[in-house]
Amino acid sequence: FLSLFQQRIEIQKLREGDNLILGFSIGGGIDQDASQNPFSEDKADKGIYVTRVSKGGPAEVAGLRIGDKIMQVNGWDMTMVTHDQARKRLTKKKEDVVRLLITRKSLEETVRQSMMQH
Amino acid sequence: MDNESQYSGYSYKSSHSRSSRKHRDRRDRHRSKSRDSSSRADKSVTIQAPGEPLLDAESTRGDDRDDNWGETTTVVTGTSEHSVSNEDLTRASKELEDSSPLECRRFAGPVLSGILGLFALLTPLAFLLLPQLLWRDSLDPCGTPCEGLYVSLAFKLLVLLISSWALFLRPPRATLPRFFVFRCLLMALVFLFVASYWLFYGVRVLEPRERDYRGIVGYAVSLVDALLFIQYLALVLLEVRHLRPAFCLKVVRTTDGASRFYNVGHLSIQRAAVWVLDHYYTDFSVYNPALLNLPKSILSKKMSGFKVYSLGEENSTNNSTGQSRAMIAAAARRRDNSHNEYYYEEAEMDRRVRKRKARLVVAVEEAFTHIKRLQDDEVAASPKHPREVMDPREAAQAIFAPMARAMQKYLRTTRQQPYHSMESIIAHLQFCITHNMTPKAFLERYLTPGPTMQYQRENGRGRQWTLVSEEPVTSALRQGLVFSLRRLDFALVVTVTPLPFFNLGEEFIDPKSHKFVMRLQSETSV
C-alpha cells in the first residue's frame with residue numbers, strides 16, 4: 001500500500017495595488033522539461049512545484065516551503081496541467097483565498113522511515 | 001652484462017643524440033668491424049645480428065660499476081668571485097691538503113681572484129700609510145676634514161669586506177670548460193683600475209712628495225668608492241641577472257626518458273649546464289642501468305626462429321652476410337607478437353613486485369614491534385625484570401634478521417640491490433630507530449628510487465661530466481639551442497625555449513553582479 005502524506009495549506013492573497021499576490025513562484029507542468037526540476041524525486045514527474053517563496057509573503061506565513069509539490073488548488077487537480085493553466089488557476093481574481101493540497105519530500109521520508117521501523 | 005643485452009645495431013644508434021653521434025659513429029665503426037669478423041668465423045648454428053652492448057667498452061664494467069658508480073676523477077671549480085680575506089685563503093689551502101688527489105686547477109681561479117681582491121682592499125691603506133712613513137715631517141697637518149674622511153674610509157672598507165665575504169666567498173661548485181666571461185671581465189676591470197690608481201699615485205704623490213695630505217686621503221676614499229661600485233656591478237652581473245626567469249629548459253635523460261622542465265634566467269651555456277646538474281642530482285631518480293633492457297626473452301625471439309646450417313663450404317664469408325640480411329628481413333616479415341609478450345611480461349613483473357613489496361612491508365612492521373624505546377622511569381622498575389638494554393646499533397641488528405630475507409628478495413626484484421648493501425640497510429635501520437620512525441618511514445628509502453643525491457658517497461672528489469655543444473659554450477642561451485651533458489653511460493639532452501610573453505588584460509567584476517536563476521524552463525511568480 002502507498003499512502004501519500006499531504007498537507008493542506010490555506011493562503012490569503014495579499015492585495016498589492018491592482019494585483020493579488022500569493023508570494024511564491026511555481027515551475028513545472030506537462031509542457032515543460034521535467035528533467036530540469038531540482039525538487040522532484042522522480043525526474044519524470046511533470047507536476048507543479050514551488051520554486052521560490054518570497055520572504056514574509058502570504059505563502060511563507062501560511063507554511064508553504066520551497067520544493068513543495070502542489071497537488072490541488074481549490075479542488076482543481078494540478079498534477080496534469082500545463083504551466084500556464086497552473087498559473088491561471090492560482091491567480092483567479094475573484095478568489096481571495098487559495099487552498100492548496102501539497103506534498104513535501106521531507107514528509108514522505110519521515111513517513112517512509114516510520115514505516116520501516118515497524 | 002654483455003651477453004644479456006643484445007640489441008640490433010639500429011636501435012642503439014638511434015637512441016643517441018645528434019650532437020654526440022659524430023663521436024659515437026667513429027668509434028662504432030671500428031667496433032662493428034671487429035664483431036662482424038667474429039660472427040663470420042662462427043660457422044655453426046644460429047645467426048646473430050651484429051649487436052653491440054649498451055655500454056662502451058671503455059665505460060666501467062657491470063660488476064664493478066655497482067661499487068664505484070658515478071665516480072671518476074674530477075676536475076671542478078669555481079664560480080665564486082672577487083675578494084677573499086686572509087683566513088679564507090688559509091682555509092682554501094687547507095682544503096687543498098685534505099683532498100689531495102684533486103688537481104690544483106680547481107682552486108686556481110678563486111685563489112687568483114682572492115689575491116687580486118686582497119690587493120685591491122689593501123691599496124687604500126697603503127695610499128694612506130706611505131706618505132706618513134716616508135715624509136711625515138713635511139706633510140700639512142690635516143684636522144677635522146681628514147678625520148671625517150678616515151671614518152668614512154674605514155666604514156666603506158668594512159662594508160666592502162663584509163659584502164665580499166657574504167656574496168663571493170663560497171666553495172667552488174664546478175669547473176667550467178671555458179673561462180667564465182663575466183668573472184674574467186670583472187677581474188680585469190679591478191686590476192686595471194687599481195693599477196691605474198697606483199700609476200697616478202706614483203707619479204703625482206710619491207715622486208714629488210706631495211704635501212697636501214687631505215688630497216691624498218680624498219684620493220684613497222675615491223678609490224674605495226669606485227671599488228664599491230665595481231662590487232655592485234659584480235653583484236648584478238654574477239648574481240642578479242640570472243635570477244629572473246627567461247628560458248625554459250627541457251632536460252631529458254637519454255637512457256630512460258626521464259624528463260623535467262626548469263626555468264632559468266639569462267645564462268651562458270656553461271653556467272646553465274652547471275645549474276642543470278645542480279638540479280639533476282636532486283630531482284631525477286637515480287639511473288639504474290638494470291632497469292633499461294627489455295627482457296631478452298622478448299627481443300631474442302625475433303632472431304631465434306631460424307636456424308641455418310652451412311653445409312661444409314669453405315668460402316662462406318660472402319654468403320653469411322647475405323644470409324644474415326635475409327634472416328633479418330625474414331624475421332621482420334614474420335608475424336610480430338612481441339608486443340603481446342611485452343604486455344604480459346610487464347603485468348607479471350608488476351604483480352611480482354607488488355607481492356614482494358607486500359611481504360616486505362609485513363615483515364618490517366612485524367620486526368618493528370619487537371623493540372620499543374626504554375623510558376627513563378622504567379629504569380627504576382628494572383630490578384624486577386632485568387631486561388637487556390641495547391643501543392641503537394644492537395637493536396637494529398637484532399630486528400634486522402627477520403626482515404632480511406624479504407628485503408633482499410624485494411631489492412632483487414626491483415633491481416636495486418647494487419645500491420643497498422647489508423651494512424647500509426642496518427645503518428639506515430639504526431638511524432630510523434634512533435629517530436622514532438615508523439616502519440613506513442624506514443621503507444620510504446627502498447620503495448621508491450630516490451634522487452641521485454641519495455646515493456652519493458661522501459668524498460671530496462667530484463663528478464666528471466662532459467658538455468657537448470655545437471655552439472661555443474660561453475655564448476648566451478637563446479631559443480632553439482640544444483646541448484647535452486654526457487657521462488660515460490648516459491647523457492642529458494637539454495633543449496632551450498624562451499618563456500612565453502604574457503599579455504595580461506584586466507576585467508573588473510562588480511561583486512553585486514553575481515546573480516543566478518534556476519534552470520527550470522519557466523518559472524512564474526504568483
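The values are calculated or read from the model by the stated rules, or taken from the named source; none is laboratory data. Keep in mind that this is a model prediction, so the values were computed, not measured. Please note: Cβ atoms are built from the backbone with ideal geometry, for glycine as well, and neighbour counts cover all protein chains shown.
Is there a residue in the stretch A:55-64 that is over 16 Å from A:Q7 (Cα atoms) and in contact with a strand residue (DSSP E or B) (Cβ under 9 Å, 6 or more places away or on another chain)? Let's see the steps before the verdict.
In the first step, residues of the stretch A:55-64 are kept if they are over 16 Å from A:Q7 (Cα atoms); the result is A:55-58.
Narrowing further to those that are in contact with a strand residue (DSSP E or B) (Cβ under 9 Å, 6 or more places away or on another chain): A:57-58.
Looking through the stretch A:55-64, at least one residue is over 16 Å from A:Q7 (Cα atoms) and in contact with a strand residue (DSSP E or B) (Cβ under 9 Å, 6 or more places away or on another chain).
Filter the stretch B:207-226 for residues that are basic (K, R) and either part of a helix (DSSP H, G or I) or modelled with pLDDT of 90 or more (or both) and give the result.
Within the stretch B:207-226, the subset basic (K, R) is B:209, B:211, B:214.
Listed by number, the list holds a single entry, B:R214.
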Problem - Filtered residues of the stretch A:8-55 (kept if modelled with pLDDT of 90 or more and of a type in the set (F, W, Y)) - result: A:F24, A:Y49
Fill in the blank from the handout: (1) within 14 Å of chain A (Cβ to nearest Cβ); (2) of a type in the set (S, T, N, Q); (3) within 50 Å of the chain's Cα centre (by Cα) all hold for B:S475 apart from (1)
Practice task
Could you tell me whether B:G257 is at pLDDT below 90, farther than 18 Å from B:W465 by Cα and not polar (S, T, N, Q)?
Solution key: yes
Practice task
Considering only residues that are under 17 Å from the mean Cα position of the chain (by Cα) and assigned to a loop (DSSP other than H, G, I, E, B), look in the stretch A:1-13 and name the one that is surrounded by the fewest Cβ atoms within 10 Å (Cβ to Cβ).
Solution key: A:L4
Exercise for the section: Tell me, yes or no, whether the stretch B:441-453 has at least one residue that is part of a helix (DSSP H, G or I), modelled with pLDDT under 90 and closer than 29 Å to B:P172 by Cα. Expected result: yes
Problem - Selected residue (criterion: nearest to the other protein chains (Cβ to nearest Cβ)) from residues of the stretch B:494-526 that are surrounded by 10 or more Cβ atoms within 10 Å (Cβ to Cβ) and at pLDDT 90 or above - result: B:L499
Exercise for the section: Working only within the stretch B:234-272, note down all residues that are in contact (Cβ under 8 Å) with a residue 24 or more places away in the chain and part of a strand (DSSP E or B). Expected result: B:F247, B:C248, B:L249, B:K250, B:V251, B:V252, B:R253, B:R260, B:N263, B:V264, B:S268
Fill in the blank from the handout: In the stretch A:33-78, anything assigned to a loop (DSSP other than H, G, I, E, B) and away from every other protein chain (no Cβ under 14 Å) is listed as A:E41, A:D42, A:A44, A:G56, A:G63, A:R65, A:G75
Handout entry: Test: B:L206 is buried (at least 16 other Cβ atoms within 10 Å of the Cβ) and in contact (Cβ under 8 Å) with a residue 40 or more places away in the chain
Key = no
Practice task
Collect the residues in the stretch A:16-32 that are more than 9 Å from chain B (Cβ to nearest Cβ) and farther than 26 Å from A:V61 by Cβ, keeping them in residue-number order.
Solution key: A:I30
Exercise for the section: Return yes when B:A347 is at pLDDT 75 or above and surrounded by 12 or more Cβ atoms within 10 Å (Cβ to Cβ) and no when it is not. Expected result: no
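Filter the stretch B:406-426 down to residues that are assigned to a helix (DSSP H, G or I) and in contact (Cβ under 8 Å) with a residue 24 or more places away in the chain, then give me how many there are.
If we filter the stretch B:406-426 for residues that are assigned to a helix (DSSP H, G or I), which is where we start, we get B:406-413, B:422-426.
Now narrow it down to the ones that are in contact (Cβ under 8 Å) with a residue 24 or more places away in the chain: B:406-407, B:409-411, B:413, B:425-426.
The total comes to 8.
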Handout entry: Selection from the stretch B:454-464 of residues that are surrounded by fewer than 16 Cβ atoms within 10 Å (Cβ to Cβ) and either modelled with pLDDT of 90 or more or among the small types (G, A, S) (or both)
Key = B:G460
Problem - Scan of the stretch A:29-52 for residues that are within 13 Å of the chain's Cα centre (by Cα) and either hydroxyl-bearing (S, T, Y) or over 20 Å from A:W76 (Cα atoms) (or both), ordered by number - result: A:F39, A:S40, A:Y49, A:T51, A:R52
Fill in the blank from the handout: In the stretch B:454-482, residues that are over 30 Å from B:Q416 (Cα atoms) and in a loop (DSSP other than H, G, I, E, B) total 11
Handout entry: Output for the stretch A:79-100, where each listed residue is within 17 Å of A:Q12 (Cβ to Cβ), aliphatic (A, V, I, L, M) and either out of contact with any helix residue (DSSP H, G or I) (no Cβ under 8 Å at 6 or more places or on another chain) or away from chain B (no Cβ under 14 Å) (or both)
Key = A:L90, A:V97, A:L100
Handout entry: Number of positions in the stretch B:483-526 that are under 30 Å from B:L291 (Cβ atoms), touching a helix residue (DSSP H, G or I) at 6+ places or on another chain (Cβ under 7 Å) and assigned to a strand (DSSP E or B)
Key = 7
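Just for the stretch B:213-223: of the residues that are touching a residue at least 60 places away in the same chain (Cβ under 8 Å) and farther than 14 Å from B:G148 by Cβ, which one is surrounded by the most Cβ atoms within 10 Å (Cβ to Cβ)? Explain how you work it out, then say what you get.
Looking only at the stretch B:213-223, we keep the residues that are touching a residue at least 60 places away in the same chain (Cβ under 8 Å), and these are B:213-214, B:216-221, B:223.
Now restrict to residues that are farther than 14 Å from B:G148 by Cβ: B:216, B:219, B:223.
Details: B:I216: 23, B:Y219: 19, B:L223: 21.
By that ranking, first place goes to B:I216.
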Completion exercise
Only one of B:L153, B:L238 is modelled with pLDDT of 85 or more and within 47 Å of the chain's Cα centre (by Cα), namely B:L153
Fill in the blank from the handout: Contact list, first residue from the stretch B:429-455 and among the hydrophobic types (A, V, I, L, M, F, W, C), second anywhere and exposed (fewer than 14 other Cβ atoms within 10 Å of the Cβ), beta-carbon distance below 8 Å, six or more apart or interchain, is B:C432/B:A441; B:M453/B:T282
Practice task
Examine the stretch A:95-117 for a residue that is surrounded by 12 or more Cβ atoms within 10 Å (Cβ to Cβ), of a type in the set (S, T, Y) and either assigned to a loop (DSSP other than H, G, I, E, B) or in contact with an Asp or Glu (Cβ under 6 Å, 6 or more places away or on another chain) (or both), and state whether such a residue exists.
Solution key: no
Completion exercise
B:T438 vs (1) of a type in the set (S, T, Y); (2) under 21 Å from B:T369 (Cα atoms); (3) surrounded by 15 or more Cβ atoms within 10 Å (Cβ to Cβ): all pass except (3)
Completion exercise
Here the residues within the stretch A:56-70 that are surrounded by fewer than 21 Cβ atoms within 10 Å (Cβ to Cβ) and more than 15 Å from A:I11 (Cβ to Cβ) are A:G67
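Mind checking whether some residue in the stretch A:14-28 is out of contact with any Cys (no Cβ under 6 Å at 6 or more places or on another chain), surrounded by fewer than 16 Cβ atoms within 10 Å (Cβ to Cβ), farther than 17 Å from B:S525 by Cβ and among the small types (G, A, S)? If you could, list the steps in order and put the result at the bottom.
Looking only at the stretch A:14-28, we keep the residues that are out of contact with any Cys (no Cβ under 6 Å at 6 or more places or on another chain), and these are A:14-28.
Still in the list and also surrounded by fewer than 16 Cβ atoms within 10 Å (Cβ to Cβ): A:14-19.
Narrowing further to those that are farther than 17 Å from B:S525 by Cβ: none.
No, the stretch A:14-28 contains no residue that is out of contact with any Cys (no Cβ under 6 Å at 6 or more places or on another chain), surrounded by fewer than 16 Cβ atoms within 10 Å (Cβ to Cβ), farther than 17 Å from B:S525 by Cβ and among the small types (G, A, S).
So is B:R204 within 21 Å of B:A126 (Cβ to Cβ) and outside any helix (DSSP H, G or I) or not? Reasoning before the result, please.
Numbers: within 21 Å of B:A126 (Cβ to Cβ): yes; outside any helix (DSSP H, G or I): no.
So B:R204 fails the test.
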